[in-house]
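Here is the structure we will look at, set down as structure tokens.
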Amino acid sequence: MAKISFYLFENSQERQVESACRLCRKILNQHPHIWWYCADPDLQNELDELLWSFDPKSFIAHGIDQPHSPVCISKDLPPSNDWIVFNFNNHALEQTQDFRHIIEIIENNETAKQIGREKFKMYRRLGIEPRTFKL
């Protein structure tokens, strides 16, 4: 069963995509497979562009629908359970046993908080106690 971590922005107005890039860079030092599960093509392109530009001193190898990249951005779920999955969709992932770790980043706005609450409740219904990190 996957670990589930919620990153809640309580005081910062940082956007989900920006924090995902920073967290991804940190995680890649310990784990080489990160999957950004994202069904929205516009958001996929935004994530792709931001990974190129968010840190001028470092580059994170990535691609859209390129599962051999260290970071894969895709509307599909990963093919194996060796991935850490960042969930950019508005619903919880019910196939929690298929992943090593699921990461939910919740922006500091009412809509995002409500979606986050629903996801949190769903994971609990699935028998998982998510960890929460307040930022």
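Annotations for the structure displayed:
- Counted without the sites themselves, the longest stretch of the chain free of GluC sites (Glu not before Pro) in a DSSP loop having at most 13 other beta carbon atoms within 10 Å is 11-93.
- Accessible surface of the stretch 50-128, 1.4 Å probe, proportion on carbon and sulfur as whole %: 51
- Spatially close Lys pairs in the chain, defined by Cα atoms under 19 Å apart and a spacing of eight or more places or different chains, total 11.
- With the gyration tensor restricted to C-alpha atoms of the chain, the semi-axes of the equivalent ellipsoid amount to 22, 18, 13 Å, longest first.
- When the square roots of the Cα gyration tensor eigenvalues are ordered a ≥ b ≥ c, the ratio a/c for the stretch 85-135 is 1.5 or more and a/b exceeds b/c, which makes its shape prolate.
- In the chain, the calculated helix contribution to ellipticity at 222 nm averages -10000 deg cm²/dmol per residue, counting -39,500 (n - 2.57) for every DSSP H run with n ≥ 4.
- Phi to ³J(HN,Hα) by Karplus 6.51 cos²θ - 1.76 cosθ + 1.60 over the stretch 66-75, Hz, x for Gly, Pro: 10, x, 8, 7, x, 10, 10, 9, 7, 7
- On a per residue basis, the chain carries 55 Å² of accessible surface, using protein heavy atoms and a 1.4 Å probe.
The values are calculated or read from the model by the stated rules, or taken from the named source; none is laboratory data. Only a predicted model underlies this, so the values are computations on that prediction, with no experimental measurement involved. No Cβ is skipped: glycine too gets one built from the backbone with ideal geometry, and neighbour counts run over all protein chains shown. We work out accessible area using only protein heavy atoms, side chains counted, and drop any ligands, DNA or RNA first. Shrake-Rupley method; radii C 1.70, N 1.55, O 1.52, S 1.80 Å.
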